[in-house]
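First comes the structure, then the notes that go with it.
The values are calculated or read from the model by the stated rules, or taken from the named source; none is laboratory data. Note that the coordinates shown come from a computational prediction; the quantities given were computed from them, not determined experimentally. Neighbour counts run over all protein chains shown; Cβ positions are idealised from the backbone, glycine included. Calculation scope for accessible area: heavy atoms of the full protein, side chains included, ligands and nucleic acids excluded. Shrake-Rupley method; radii C 1.70, N 1.55, O 1.52, S 1.80 Å.
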Amino acid sequence: MKAAPFTYHRPGKLEEALDILSRVAGQDGRIIAGGQSLVPMMALRLAQPAHLVDINEIASLRGTGVERQTLVIRALARHADFHQPALTGPLGPLLATVAQNIAHYPIRQRGTFCGSLAHADPASEWCLAAVTLGGTVIARRRGGAREIPAGEFIQGPLTTTLEPDEMISAVHLPVPDQTGRFGFYEFNRRAGDFAPAMSLVTFTVQDETVTQVRLGVGGAEETPRRLSQVEEALNNKPLTDAQIRMASELAASLITPLEDALIPQDYRRQIVKTAVRRALEAAQGSRHGQ
Amino acid sequence: MDSKIALRLDINSRDYHVNVEARQTLADVIREECGLTGTRVGCEHGVCGSCTIVVDGAPVRACLMFAPQAEGKKIRTIEGMAEGDDLHPIQRAFSDNHALQCGFCTPGFIMLIAAWLEQNPAPADGEITGMLSANLCRCTGYRNIFRAVKQIVAELG
């Protein structure tokens, strides 16, 4: 037992959870879903919430669904819910590929997509995916809800625009064109670690040229982000090897790399270059980019 | 705030009635309140995997769940694997392949492998190594644990 004392709440309905949260928000009351980041932080006493509101018993928050052209990822959708494609078309395999890179198998059984966004670790795969794919965060509080673009929601390392009395009830991802292609690459020295860099790219191919390019880099900077200059340099041209080389070098030059004891900035910049190149090659290489 | 919560935990198809603080991890309650000390506690923050148990069919870190979260779930620990003196096939495969030395990590590995094989009965070699990377072993190395998994997969096939 290492966590500081807290009062435990286990509501069965979303409204009940929001009601409790509105009362305990001022005492550092927190939502717990998967707990795979929050509980380690509590064990290390980096977090000492006085109240935990456990949403695991709220059936309406489980799993994913497609509504119109949107994939709705509810608050209790686990990483493991994406092991098998959650929907047909390129988005299902894309999310399955990304999910395989998140921590380890037992962690993926508990950890949630929405929890990853709420935690906003710079090395979060789901944060990169939500930002790159144009996701929307649904933040709910008692009596209201607001929609926040993922790129605006994530403000910095472990910092979001979520208010203390709000919880993420879902994240919405637009379902891309059925002909869309994608590539993801994450560099890691050891499986399951926090990655020093990763890249996700999606585009469609029309008449030998690529269009609607979305290219994001995660893990390398304080927040994941799309590199619009790289996207513009790739759009409406054939994706040749020379273009891939150009794009990966441009991406590496644009970022402001994080620095730590193991990975100095210039090394991380090199990893970004490689990650972007390999993500583009993966997208180029196969229809649903393996 | 420190008031205790009365819980009924279903562990290996047996009911355990315990009074715990909310902040007690499931791993600690299984060991200290239920007396099932086969589940090991190593790092206590989700890294090492030695506390891995099976909750509703999924392998999870018991140090990353608070005990009240496990009420109503079906919990399986290493004590529920052997039947009397008959080892579970995974335990036998570990023995056959010298897949343990000090034994500290072994219950976590066995529970991980048991639950994982339920969902991945015919894995490729790369999938096995990916799964085994979840838990730390610091004596035998992973080669013999990998061989043990291969033996079980062959027996299942």
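What is the magnitude of the charge dipole of region B:2-157 about its Cα centre, with +1 placed on the Cβ of each Lys and Arg, -1 on the Cβ of each Asp and Glu, and no other charges, expressed in debye to the nearest 20?
For region B:2-157, the charge dipole is close to 340 debye.
Once neighbouring chains are kept in place and the probe is 1.4 Å, which whole percent of the accessible area of region A:7-54 is contributed by carbon and sulfur?
50 percent
Which whole-number percent gives the relative contact order of chain B, counting Cα pairs below 8 Å spaced six or more residues apart?
23 percent
Given H placed 1.01 Å from N in the peptide plane, which residues other than close sequence neighbours of A:Val210 have an amide H under 5 Å from its amide H?
For A:Val210, whose amide H was placed from the backbone, the distant partners under 5 Å are A:Asn236, A:Lys237, A:Leu239.
Taking the Cα centre of the protein assembly as shown as origin and charging only Cβ (+1 Lys, Arg; -1 Asp, Glu), how large is the dipole, in debye to the nearest 20? Working shown, then result.
Working: 45 positive and 49 negative charges, 45 e Å.
Here the size comes out at about 220 debye.
Using the alpha-carbon atoms, what tilt in degrees (0 to 90, nearest 10) does helix A:241-254 show relative to the longest principal axis of chain A?
Once rounded, the angle reads 50 degrees.
For the Cα atoms of chain A, what angle does the longest principal axis make with the long axis of helix A:265-285, in degrees from 0 to 90, nearest 10?
Taking Cα atoms only, the helix is inclined about 70 degrees.
Over the whole of A:95-108, what's the average partner chain Cβ count within 10 Å per residue? Rounded to a whole number, please.
Per-residue shielding by partner chains comes out at 5.
How large is ³J(HN,Hα) for each residue in region B:92-97, as worked out from phi by the Karplus curve 6.51 cos²θ - 1.76 cosθ + 1.60 (θ = phi - 60°), to whole Hz, x for Gly and Pro?
5, 5, 4, 5, 4, 9
Per the Kirkwood definition applied to all pairs of different Cα atoms, how many angstroms is the hydrodynamic radius of region A:7-54? List each step's numbers first, then the result.
On the way: mean 1/r = 0.0921 Å⁻¹.
Answer for region A:7-54: a Kirkwood hydrodynamic radius of 10.9 Å.
If Rh is defined by the Kirkwood formula over all Cα pairs and Rg also comes from Cα, what ratio Rg/Rh do you get for the protein assembly as shown? Please list the in-between numbers first.
Working: Rg = 22.5 Å, Rh = 23.0 Å.
Rg divided by Rh gives 0.98.
Which residue, chosen from A:Ile154, A:Phe194, A:Val175, occupies the Cα position most advanced towards the positive end of the dipole of region A:147-231, where the dipole is computed from +1 (Lys, Arg) and -1 (Asp, Glu) charges on Cβ about the Cα centre?
A:Phe194
With all protein chains present, calculate the accessible area of A:His83 using a 1.4 Å probe and round the result to the nearest 10 Å².
Estimated to the nearest 10 Å², A:His83 gives 40 Å².
How would B:Phe104, A:Phe6 rank on accessible area, largest to smallest, probe 1.4 Å? Let's see the in-between values first.
Numbers: B:Phe104 90, A:Phe6 5 Å².
Ranked list, largest accessible area first: B:Phe104, A:Phe6.
Between chains A and B, what is the buried accessible area summed over both chains (1.4 Å probe, protein heavy atoms, nearest 100 Å²)?
Values: alone 13470 and 8200 Å², together 19080 Å².
Chains A and B together bury approximately 2600 Å².
What relative contact order, as a whole-number percentage, does region B:91-152 give when Cα pairs under 8 Å and 6 or more residues apart are counted?
About 59 percent, as a whole number.
Give me the net charge for the shell around A:Leu18: Cβ to Cβ below 15 angstrom, other residues only, Lys and Arg +1, Asp and Glu -1.
Net of charged neighbours comes to +1.
Round to the nearest 10 and report in Å² the accessible area of B:Val29, as given by a 1.4 Å probe over the protein chains' heavy atoms.
Roughly 0 Å² of B:Val29 is accessible to a 1.4 Å probe.
With contacts defined as alpha carbon pairs under 8 Å and 6 or more residues apart, what's the relative contact order of region A:218-290 in percent? Before the final figure, lay out each step's value.
Values: 58 pairs, mean separation 23.0, N = 73.
That works out to 32 percent.
Please list, or write none, the aspartates and glutamates whose alpha carbon is within less than 14 Å of the alpha carbon of B:Lys150, excluding same-chain residues fewer than 8 places away.
Answer for B:Lys150, where 14 Å is the Cα cut-off: B:Asp96, B:Asp125, B:Glu127, listed by chain and number.
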